[in-house]
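Report on one structure; see the data block that follows.
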Amino acid sequence: MSHMTVTENLLVAAHDQVRANPFAVVFRRPRVRRAERAAQAEAARALEFVGVKGKEDLDVSSLSYGDRRRTEVARALMGNPKVVLLDEPAAGMNPSETADLGRLIDEMKETGVAVVLIEHDMNMLMSVSDRVLALDHGVKIADGTPAEIQAHPEVLAAYLGVDS
């Protein structure tokens, strides 16, 4: 949704929170206006949380790659979810952006949001994870703490080519 502003991207995720019939929307009934204000406030909180405050009116296409990814995380946080699934959020990020993302994931966890992370950046994955499930060609080979996974013989064989 790179043709929209940062705030518009987040408001798309909040559209289901504005429960109203077409008449109420077209004539901007008070309930619709309240719901829109609440969604705007939630978007502002999410953008501040992920560190994109001050860029609300910019087109997403004008953002740095890291800020685009943070905007995607903010969109996922709209509606105060209990669980967020992040599929390779560090893909294409430089080391500094990856470190910032790791800190953001830790902050999300501190607020009580469970984060399910699919990631190939092992350093970042191990630094933010409480538990890791390792797969080899879609088959579970290990499940445990980051330290247990890093020492697991099947994981070493599958990911590093080390014989078990």
Among the residues of the range 31-89, which ones are free of Cβ contacts under 8 Å to residues at least 24 places away in the same chain, exposed (fewer than 13 other Cβ atoms within 10 Å of the Cβ) and in contact with a Leu (Cβ under 9 Å, 6 or more places away or on another chain)? Gly54
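Among Met108, Met122, which is the only one that is more than 26 Å from Glu42 (Cβ to Cβ) and either touching a residue at least 12 places away in the same chain (Cβ under 8 Å) or not basic (Lys, Arg) (or both)?
Details: Met108 fails: more than 26 Å from Glu42 (Cβ to Cβ).
The match here is Met122.
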Going through the range 90-120 in order, the residues found to be farther than 24 Å from Tyr159 by Cβ, surrounded by fewer than 16 Cβ atoms within 10 Å (Cβ to Cβ) and touching a strand residue (DSSP E or B) at 6+ places or on another chain (Cβ under 8 Å) are Lys109, Ala114
From Ser129, Ser96, which residue is polar (S, T, N, Q), farther than 19 Å from Arg70 by Cβ and touching a helix residue (DSSP H, G or I) at 6+ places or on another chain (Cβ under 9 Å)? Ser129
Of everything in the range 78-98, what is at pLDDT 95 or above and aliphatic (A, V, I, L, M)? Give them in sequence order. Val83, Val84, Leu85, Leu86
Qualifying positions in the range 127-156 - surrounded by fewer than 16 Cβ atoms within 10 Å (Cβ to Cβ) and hydrophobic (A, V, I, L, M, F, W, C): Leu133, Leu135, Val139, Ala147, Ala151
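The values are calculated or read from the model by the stated rules, or taken from the named source; none is laboratory data. Fair warning: this is a prediction, and the values are worked out from it, not measured in the lab. Because the Cβ atoms are built from the backbone with ideal geometry, glycine has one as well, and the counts that use them run over all protein chains shown.
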